[in-house]
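Below is one structure, written out as structure tokens, with a few remarks after it.
The values are calculated or read from the model by the stated rules, or taken from the named source; none is laboratory data. Keep in mind that this is a model prediction, so the values were computed, not measured. Heads up, the Cβs are rebuilt from the backbone with ideal geometry, glycines too, and the neighbour counts pull from every protein chain shown. These area figures cover heavy atoms from the full protein model, side chains too; ligands, DNA and RNA do not enter into them. Shrake-Rupley method; radii C 1.70, N 1.55, O 1.52, S 1.80 Å.
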Amino acid sequence: MNNLFSFDNLEINTDILERANPVFNTAKMTLYQLAAAGDEDSIRVVKELGFTKDTQNSVTTSSDSEKLLLESLLMDMRYHTMEKMAMEEGEFTEVDLPCGYLPKALRFINAGHKFVGLDLPATIAEAKPAINALLNEKQRKMAKFAGVDATNFNSLQSALSDVKGKVVITTEGLMEYLSDSEIGAVCDNIRRILEERGGCWLTIDPEWLMSYVLVVRAILGERADEVLLSMQKRVEDKSDVGVNGSALVVFPKEDIANDIKNAMDFLAKHGLKAERMIVADYMPELKSFDRLTEAQTAAVKEVMKKNAYWKITAVGDFDAADKNTGEKNFDVNAYAKGEKLFISLTGRVDTLTAPDILSFYEKISGEQQIKSVRVDCAELTYISRAGIRVFHIMQENSELTFENLTPEIMEILESEGFALF
């Protein structure tokens, strides 16, 4: 039968991109928070994009002046502390993953560093022109933006193809939205980049949830837990992902020493080693402190002696069978028989390719009645949460079944709640 799927006939609009992976909406929140902290570059980007306080709200919860103060403080802290840590690395190209909408490019370029901003295609489409509006012609030549999937090595390698020499990769708020299998893929990809180019990976992610708890409790005391739950709910609504602990993200509790060890062991399995960088040792004087009492500022500085961002490097001589080697190109073969749709998938279904499947499915469903969808996974090599989300959308409208599942794909689908038998 003729293949119904054609890349040329797909319409990939903002709605399709957002439904496939809405997590980029949290990046809009962080930009507004940094602007509210008084960062002048961020204020300019907010105006460029037309973001308002409503950017902070979700379908079930809203921000208020107290929550915005707390979130602006935390954003101010991570943005400027991570920048200070990175600047101590000498000569390097800054690789920000995910770059979101933040104006880091201007900061690093002004300090003499090239900048590469990587994020979901939907984010880059909005952020690139807004950030470029802050740069002059010479500065724009030092900046590059690319849509990638962090679990997809080929997309990262392509984006960094013209980057020579040492890199500093920074991640702020990525890992808490990923499954353990996705985190493992990201770790493998970053290790390969560091092995080839040298440098390090600076991340807030392992202890970032803990920093929320420490700071909010330092300022609010007994009222902290109620506010923290509201803040967490709003982030989950915006991203459509539950914010929980994982292999590399320590979920807040009284004693996290064992979880930190487990996270470092996880990194070691992926050829990486970590050093905890105590936040208080690097945190500059923040504009947000002007909005706190002296006692609150002192309390924040004190609790940040217990919190760390991580500097991660490749261990060297690590023997790994990289799964992306020889990866098949993404492709879809599809045909309809009556009210049944048959789809065969090849390669990776991730942030870059899931919107293609969703666009195709909705186009076909709009043209004819589809009561069931059968997905052949024999050539499917990887599926991320974006792909899972598209399958759930199909399942809401049609009977969805899978066939020819590999053990790896079966494990992912079962962990995401699909009944396979």
Once you charge only the Cβ atoms, +1 for Lys and Arg and -1 for Asp and Glu, what is the size of the charge dipole of the chain about its Cα centre, to the nearest 20 debye? 840
Estimated distance in nm for a label pair at ASP225 and GLU137, the labels positioned 7 Å out from Cα along Cα-to-Cβ: 6.1
Assigned charges on the beta-carbon of Lys, Arg, Asp, Glu; the stretch 66-115 dipole about Cα centre (debye): 120
Long-range amide H contacts for LYS305: which residues qualify at under 5 Å (H placed 1.01 Å from N, peptide plane, sequence gap of 5 or more or a different chain)? ALA280
Calculated from DSSP H runs of 4 or more alone, at -39500 (n - 2.57) each and per residue, what is the 222 nm mean residue ellipticity of the chain, nearest 500? -14000 deg cm²/dmol
Pairs from LYS28/LYS53; LYS166/LYS306; LYS84/LYS306; LYS104/LYS253; LYS84/LYS311 whose Cα-Cα separation, in the structure shown, is over 21 Å: LYS166/LYS306; LYS104/LYS253
How big is D, in µm² s⁻¹, for the chain by Stokes-Einstein at 4 °C and 1.567 mPa s if Rh is the Kirkwood radius over C-alpha pairs? 57
Rounded to the nearest 5, what % of DSSP beta bridges with both residues in the stretch 298-421 are antiparallel? 35
The chain accessible area per residue, 1.4 Å probe, protein heavy atoms, integer Å², reads 44
Of PHE402, SER372, ALA143, which is farthest towards the positive pole of the chain's charge dipole, taken about the Cα centre with +1 and -1 on the beta-carbons of Lys, Arg and Asp, Glu respectively? ALA143
I want to verify a result. In a Gaussian network model of the chain, Cα cutoff 10 Å, which of these has the top mean-square fluctuation: LEU97, LEU31, LEU400? LEU400
Note, GLU172: beta-carbon cut-off 11 Å, +1 each Lys/Arg, -1 each Asp/Glu, net -2
Calculate one ³J(HN,Hα) per residue across the stretch 252-257 by plugging θ = phi - 60° into the Karplus curve 6.51 cos²θ - 1.76 cosθ + 1.60, and present them in order as whole Hz with x for glycine and proline. x, 6, 4, 10, 10, 4
Under 5 Å between amide hydrogens, which residues at least 5 positions from PHE402 or on another chain qualify, with H placed 1.01 Å from N in the peptide plane? VAL375
Lys pairs in the stretch 322-398 with Cα under 25 Å (8 or more apart in sequence, or on separate chains) total 5
